[in-house]
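The values are calculated or read from the model by the stated rules, or taken from the named source; none is laboratory data. The model shown is predicted, which means the values in this text are computed figures rather than measured ones. All Cβ positions, even for glycine, are placed from backbone atoms using ideal geometry, and neighbour counts span all protein chains on display. For accessibility, only protein heavy atoms count, side chains too; no ligands or nucleic acids. Shrake-Rupley method; radii C 1.70, N 1.55, O 1.52, S 1.80 Å.
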Amino acid sequence: MSTIMIVEDDPKINQLLQSQLEKYGYHTVNVEHFDRVMDVFSEVRPDLVLLDVNLPKFDGFYWCRQMRQESNCPILFISARDSKMDQVMALENGADDYITKPFDYDVVMAKIRSQLRRAYGLYAPQEGERTVEVAGLKLFLERLELSIHDTKVELSKKEALLLEALMNQYPRVVSRERLLEKLWDEQFVDENTLNVYITRVRGKLKDMGLEGAVETVRGSGYRLRAVWEDGQ
């Protein structure tokens, strides 16, 4: 049974979508608190998302970008905004399709089935797990795990994103601005929050015997050092 996450603040449309989806055997999850969209998304890990554009707090384009940092699941916009620019923005922000209101529920169901077939069916691309590796240190992005030799630690999503940025740029420096953008996109976040996550990542690396692997470059940012190589 596929799980469909509905991010729609109109209770009537929400209920109609839920009834139609459950009629065809899908499991539905509705977002009720629109400042917790990503909390629900990360907890549920839906097979497909129906996403409105006009939402409280942040719009659907913002949430689509956040979801794309965690998953490649199909995302279908459903919106009364029918301008060409809105549809272009949706697709450029990571959506798979855009359906304008008022919509025909048969068309919505057909598009959902089509996207699920493409993503998970017989003809879905067989992709390997996304990993980043530096000199034997391996980051597993889907399972949020870091390993070297026979040692491994679990990571939070933000810790994994921070390490991904450092490992992708190794041995170059990654600026604080780039890390803030990577971890929190367009949200305003105090730089002290980044310091907290740097400390947490250093703690995880220390637990693996890799103390000093994240180096502060004063006035520039941070870089990864392969301290586990050549007796460094």
Within the stretch 19-26, does at least one residue satisfy the condition of being touching a residue at least 40 places away in the same chain (Cβ under 8 Å), buried (at least 20 other Cβ atoms within 10 Å of the Cβ) and outside any loop (DSSP other than H, G, I, E, B)? yes
Looking at the stretch 38-54, is at least one residue aromatic (Phe, Trp, Tyr), more than 23 Å from GLU142 (Cα to Cα) and in contact (Cβ under 8 Å) with a residue 12 or more places away in the chain? no
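This table checks each residue for (1) modelled with pLDDT under 90; (2) among the aliphatic types (A, V, I, L, M); (3) assigned to a helix (DSSP H, G or I).
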{"site": "GLU186", "(1), (2), (3)": "yes, no, no"}
{"site": "VAL189", "(1), (2), (3)": "yes, yes, no"}
{"site": "ILE198", "(1), (2), (3)": "no, yes, yes"}
{"site": "THR216", "(1), (2), (3)": "no, no, no"}
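Just checking, how many residues over the stretch 27-44 are assigned to a loop (DSSP other than H, G, I, E, B) and either more than 15 Å from TYR62 (Cβ to Cβ) or outside the structural domain of TRP63 (by the TED database) (or both)?
Here is the first cut: in the stretch 27-44, the residues assigned to a loop (DSSP other than H, G, I, E, B) are 31-36.
Okay, now just the ones that are also either more than 15 Å from TYR62 (Cβ to Cβ) or outside the structural domain of TRP63 (by the TED database) (or both), so 32-33.
Total satisfying the criteria: 2.
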Could you list, in sequence order, the residues of the stretch 194-212 that are surrounded by 16 or more Cβ atoms within 10 Å (Cβ to Cβ) and closer than 18 Å to ASP150 by Cα? LYS204, LEU205, MET208, LEU210
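Out of ARG143, ARG113, ARG178, report the one residue that is in the same structural domain as VAL49 (by the TED database) and on the phi < 0 side of the Ramachandran plot.
On the way: ARG143 fails: in the same structural domain as VAL49 (by the TED database); ARG178 fails: in the same structural domain as VAL49 (by the TED database).
Testing whether each residue is in the same structural domain as VAL49 (by the TED database) and on the phi < 0 side of the Ramachandran plot leaves just ARG113.
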List pairs: first residue in the stretch 89-101 and in the same structural domain as ASN14 (by the TED database), second residue open to solvent by 50 Å² or more (accessible area, probe 1.4 Å) and assigned to a loop (DSSP other than H, G, I, E, B) anywhere in the structure, Cβ distance under 6 angstrom, at least six positions apart or on different chains. THR100/ASP82; LYS101/ALA80
